[in-house]
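So the structure is just underneath, and the comments pick up after that.
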Amino acid sequence: MTARFIALYETPADSAAFDRHYHDVHIPLVRRLPGLRRCTIGRDLVAVRGGAPYYLVAELEWDTMDGLRAAFASPQGRATATDAAHLQELAPVRSMIFTVGESVL
């Protein structure tokens, strides 16, 4: 069963500073997370129904929820979380963790 972590960033006050930090600091930290199977980043989001769209969406994927938990508990995970707290100062973020229980297609 696949486990996923999603981070939804609102539009930062200084998008250039956010983008620079995200690309130069945060992505290299994320790439070192143990067991990470895939990381995708989406930009240019468009709200389908109401509300403002997010500035950036990141989706990280592990083979299992245990793998995800172990990654975040690792030294690399703690370093990534510390940097995520800094990113939250640049742009509000919402995050969630879930497992993929079924495919419908």
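In the stretch 2-17, is there at least one residue being more than 24 Å from G101 (Cα to Cα), out of contact with any Ser or Thr (no Cβ under 7 Å at 6 or more places or on another chain) and among the basic types (K, R)? Looking through the stretch 2-17, none of the residues is more than 24 Å from G101 (Cα to Cα), out of contact with any Ser or Thr (no Cβ under 7 Å at 6 or more places or on another chain) and among the basic types (K, R).
Can you say whether G50 is at positive phi, surrounded by 13 or more Cβ atoms within 10 Å (Cβ to Cβ) and among the small types (G, A, S), as far as the supplied structure shows? Lay out the reasoning, then the answer.
On the way: at positive phi: yes; surrounded by 13 or more Cβ atoms within 10 Å (Cβ to Cβ): no; among the small types (G, A, S): yes.
No.
Taking the criterion of being free of Cβ contacts under 8 Å to residues at least 24 places away in the same chain and of a type in the set (G, A, S), would at least one residue in the stretch 87-102 satisfy it? Checking the stretch 87-102: not a single residue is free of Cβ contacts under 8 Å to residues at least 24 places away in the same chain and of a type in the set (G, A, S).
Each reported figure results from applying straightforward, stated rules to the coordinates on display, with no laboratory input. All of these numbers come straight from a predicted model, not from anything done at the bench. Note that each Cβ is placed from the backbone with ideal geometry, even for glycine, and that neighbours are counted across all protein chains shown.
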